[in-house]
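Data first, discussion second: the structure below is written as structure tokens.
The values are calculated or read from the model by the stated rules, or taken from the named source; none is laboratory data. Everything numeric in this text was worked out from a predicted model, so none of it was measured. Note that we place each Cβ from the backbone using ideal geometry, even for glycine, and neighbour counts take in every protein chain shown. With ligands, DNA and RNA removed, areas are computed over all heavy atoms of the protein, side chains included. Shrake-Rupley method; radii C 1.70, N 1.55, O 1.52, S 1.80 Å.
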Amino acid sequence: MEAKYLHVGIPITNKKPNMTYVEPFKVWITDVDDYDFKIEYLKYEEGTPFPEILHKNPHIAYAVEDMQPYFDQAQQVLFGPAELSADTEFSYILLDNTIIELQAPKK
């Protein structure tokens with residue numbers, strides 16, 4: 001298994017300039033390339049399908065080839081997998097009491 005670091009996600013309560021709204025997930029996000037250290041800020045809206053733990057805690061995101069080995073190690077799968085783009089899916093897991101976002105090619 002190999003995981004490539006993508007970004008750290010930090011939930012916020014006030015929108016930042018240039019955030020993008022992702023309608024299916026009812027969340028505002030920043031572009032990780034707009035900030036040093038690859039930070040993604042997220043502002044969750046009411047009715048978001050993401051669990052409450054994501055609204056209040058940061059996560060670390062990694063690109064992986066296959067999510068299943070990470071699911072097998074996880075304390076809990078918090079969300080997903082769900083479609084991120086036409087060829088990528090994502091999921092959130094809890095591993096060692098840390099929220100991790102996994103991004104992998106669709107199968």
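Just a few scattered comments:
- Structure note, pairs 38/107; 26/56; 4/106; 4/56: Cα-Cα distances above 19 angstrom occur for 38/107; 4/56.
- Computed over protein heavy atoms with a 1.4 Å probe, the accessible surface of the chain works out to 60 Å² per residue.
- Span per principal axis, largest first, for the Cα atoms of the range 1-58 (Å): 34, 29, 19
- Surface composition of the chain: carbon plus sulfur atoms hold 49% of the accessible area, using a 1.4 angstrom probe and ignoring ligands, DNA and RNA.
- Hits among aspartates and glutamates - C-alpha to C-alpha of residue 16 under 13 Å, sequence gap 8 or more where chains match: 31, 34, 40
- Along its three principal directions, the equivalent ellipsoid of the chain from the Cα gyration tensor extends over semi-axes of 22, 15, 14 Å, largest first.
- Take every Cα pair under 8 Å whose residues are at least 6 apart in sequence, average their separation, divide by the length of the chain, and the relative contact order is 25 percent.
- Lys/Arg +1, Asp/Glu -1 at C-beta; the range 28-107 dipole; positive extreme among 98, 32, 86: 98
- When DSSP beta bridges are restricted to pairs lying wholly in the chain, around 75% turn out antiparallel.
- If you run the Gaussian network model on the chain, springs between alpha carbon atoms under 10 Å, then out of 39, 53, 93 the most flexible one is 53.
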